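One structure below.
The values are calculated or read from the model by the stated rules, or taken from the named source; none is laboratory data. For clarity, every value in this text was computed on a predicted model and none was experimentally measured. FYI the Cβ positions are ideal-geometry reconstructions off the backbone, even for glycines, and counts take in every protein chain you see. Ligands, DNA and RNA are stripped out before the accessible areas are found, and what is left, the full protein with its side chains, is counted by its heavy atoms. Shrake-Rupley method; radii C 1.70, N 1.55, O 1.52, S 1.80 Å.
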Amino acid sequence: MDFTKIITAARGDDPVDLLLVNTKIVNVFSGRVIDGSIAIKDGTIIGFGDYDAARTVDLKGRYVAPGFIDSHVHIESSMTCVAEFARAVAPCGTTTVVADPHEIANVLGAAGIDYMLRSAEGQPMDCLFALPSCVPATDMETAGARLNAGDLAPFFAHPRIVALAEMMNYPGVIFTDADVMAKLALARSHHRTMDGHAPGLSGRELFAYTAAGIASDHECTSAGEALEKLELGMHIMVREGTCARNLEALFPVIDEHTWRRMMWCTDDRHPHDLLAEGHVDAVIRKAVAMGLDPLTAIRMGTINPADYFGIKDAGAIAPGRKANLVIFSDLADIRAEQVFYMGRPVAENGRILPGIERPAPVSVPPSMRLDPRDLDFSIPAKGGRMRVIRAVADQVVTRCEIMDVTEKDGFAVSDTAGDVIKMCVVDRYSGQAQTGKGFVTGLGLKRGAIASSVAHDSHNIIVAGVSDAEMQTAVSAVVDMGGGLAAVGGGRVLADLPLPVAGLMSDQPVEAVRRQMDGMIAAARDLGAGLADPFMTLGFLALPVIPDLKLTDKGLVDVTRFEIVPLFV
């Protein structure tokens, strides 16, 4: 930014590029709506009132608010690359996100972070990042990388890095693990905010966690939990994603005393919800519909996250801030009619404008290092009873069931009548194809198999199926695509969704991904799956930090005991 030009224009000595007149300006500092004009020079707001302008646009009395900010999001969960994610959320009024590239970092390590940073250049919004703090999440699975403090250090100098991302390893904080302490010290030394992730943490353990300087949490699921953390000085990110929606539970906490330390985030929002509901704008609309003052709802999605992360050039309509603006007509039902980024219109009526250039794609290294022909999914029956993962509809938690073994020719096999289906997780990184084997109930498959390379958090290949042959066909399809989702029935692939970017993201528009995902769900349902989104459920059955029983490539994990346990009991 050339401050001499900005200051000269602000004085009125040089004409501005754009003057927006007849506007209702949402002032997030005073909480007032002010009639006036907004003057813009070189993508920056320089003042208000009458200025000589190269171009004047009459907004005809519509509201203008700062562009919305998502305080915590995993872009990978949209199943689209950065460019397509930006084109999906910018029309919703989002002009800044603080993204945690935790998923791709688990696959590609530092190369994954570098890919996201390079992909953020030239987009019609600001993609900022928080450095992933927990790669891998545990040692009970094989990840594609391990990032220690030394690996993260070079990234802190990058202007897009604004924080250390969610510190999921709260035991490591509480018991002063050396690697965790080194990461926190690194963030402090670079004056970066440290985000938290501490579901259910309370009392002295929470005191220890906050004493380390961790400043926020997005995992609160009750008003009491949020209030306890607020009273210790933490900021609360109110999450409304696809898998977890906490606004209703936390709404009673938002009042005239607390709102200034609360903000909106989406965390994980899938293509269907992005297109059907929206992004941060959807959270704001829901809060307003529940009775929150619209100006407070806007401020929680603009100035609050900007101040929290130290983003000095966004989050408000004020001189010296970027002209990132959302234009709308109704405070009671805030829907972006026009979106400006850096003083330039980028979206209108829910669509990205045709003239917005698309940056050249950034290459990403391959991540599939296995030969599916070498896989063996057979499970010798070593007992009459076994641990079975119970999938819970619309939840990431599971239950542990003890069930009878169905045996055939000395091997434990699927029992479709009892809804007990074989499930395996295959290491895709080391070249050894280590395979964890188990069973799941609750998926409902009656035939065929489904497989995915989206398997939190390490994103190995997860597959569930009625027969070993069809499970192998499904895994082969995923490997051949370089990652993705596959449904197999009758010995052939019925549907697939390629995710060539680290096995997590597509390079296609979000609308295309949604259509493909619809096909995947339809195919899974044809195979008997009764869940709303069988692939979403499947993807969380390998997450060994969420109770109760999960499966990784190293075996069954009893999350409550935090240890590998045998299949047979």
Is there a quick way to get the dipole size of the chain? I mean about its Cα centre, with the Cβ of Lys and Arg at +1 and of Asp and Glu at -1; what is the value in debye to the nearest 20? 220 debye
Quick one: with all protein chains in place, what share of the accessible area of the chain is carbon or sulfur, to the nearest percent (1.4 Å probe)? 50 percent
So if the hydrodynamic radius of region 51-180 is defined as the Kirkwood radius over C-alpha pairs, what does Stokes-Einstein give as its diffusion coefficient at 25 °C and 0.890 mPa s, in µm² per second? 149 µm²/s
Using 1/(1 + (r/R0)^6) with R0 = 41 angstrom and r between the beta carbons of Arg160 and Arg525, what's the FRET efficiency to the nearest 0.05? 0.50
Once the in-chain neighbours fewer than 8 apart are removed, the lysines whose Cα is under 17 Å from Lys41 read Lys5, Lys322
Calculate, in nm to one decimal, what Phe568 and Asp42 gain on full extension: separation in residues at 0.36 nm each, minus their alpha carbon distance. 182.7 nm
Quote to one decimal, in nm, the extra length available between Asp179 and Glu231 on full extension: 0.36 nm per residue of separation minus the C-alpha distance between them. 15.9 nm
Give me the number: length gained by fully extending Asp558 to Thr56, i.e. 0.36 nm times residue separation minus the C-alpha to C-alpha distance, one decimal in nm. 174.4 nm
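Please arrange Ser476, Ser216 by accessible surface area, largest first, computed with a 1.4 Å probe and ligands excluded. Please report the intermediate quantities before stating the final value.
Details: Ser476 30, Ser216 0 Å².
So the residues, ranked largest to smallest area, are Ser476, Ser216.
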Whether region 298-360 is rounded, prolate or oblate, judged on the alpha carbon gyration tensor where a/c under 1.5 counts as rounded: oblate
Find the centroid of the Cα atoms in region 1-42 and in region 401-465, then give the distance between the two in whole Å. 59 Å
Run the 1.4 Å probe and let me know the accessible area of Lys446, rounded to the nearest 10 Å². 110 Å²
Please name which of Ser467, Leu494, His270 has its Cα lying farthest along the dipole of the chain towards the positive end, using unit charges on Cβ (Lys, Arg +1; Asp, Glu -1) and the Cα centre as origin. His270
For region 423-487, give the magnitude of the charge dipole about the Cα centre (Cβ charges: +1 Lys/Arg, -1 Asp/Glu; no others), in debye to the nearest 20. 180 debye
Based on the alpha-carbon gyration tensor of region 148-275 and its eigenvalue square roots a ≥ b ≥ c, which shape applies: rounded if a/c is under 1.5, prolate if not and a/b is larger than b/c, or oblate? oblate
With all protein chains present and a 1.4 Å probe, the order of Phe540, Phe129 from largest accessible area down is Phe540, Phe129
Residues of region 224-369: accessible area per residue with a 1.4 Å probe, Å²: 39 Å²
Using a 1.4 angstrom probe on the protein heavy atoms only, could you order Glu563, Glu76 from most to least accessible area? Glu563, Glu76
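For region 152-259, which GluC sites (Glu not before Pro) are in a loop by DSSP, counting at most 14 other Cβ atoms within 10 Å?
Numbers: sites: Glu166, Glu205, Glu219, Glu225, Glu228, Glu231, Glu240, Glu248, Glu256; in loops: Glu219, Glu256.
Those satisfying the criteria are Glu256.
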Rounded to one decimal in nm, the spacing of the 7 Å Cα→Cβ label points at Arg369 and Ala417 is 4.5 nm
What does the helix-only formula give at 222 nm for the chain: each DSSP H stretch with n ≥ 4 adding -39500 (n - 2.57), the total divided by the residues, and the result rounded to the nearest 500 deg cm²/dmol? -7000 deg cm²/dmol
Whole-number value, in Å³ per residue, for the convex hull of the alpha carbons of region 220-354 is 115 Å³
Excluding ligands, DNA and RNA, what is the solvent-accessible area per residue of region 492-533 at a probe of 1.4 Å, expressed in Å²? 41 Å²
Within region 251-321, list the trypsin sites (Lys or Arg not before Pro) lying in a DSSP loop whose Cβ has at most 13 other Cβ atoms in a 10 Å radius. Lys312
To the nearest 0.05, how large is the calculated FRET efficiency for Asn22 and Ala532 if R₀ is 51 Å and r is the Cβ-Cβ distance? 0.65
Quote the charge dipole size of region 92-159 about the Cα centre in Debye, to the nearest 20; the model charges only the Cβ of Lys and Arg (+1) and of Asp and Glu (-1). 100 debye
Per residue solvent-accessible surface (Å²) - region 1-78, probe of 1.4 Å: 43 Å²
Based on the alpha-carbon gyration tensor of region 500-558, what equivalent-ellipsoid semi-axes (square roots of 5 times the eigenvalues) come out, in whole Å, largest first? 25, 17, 9
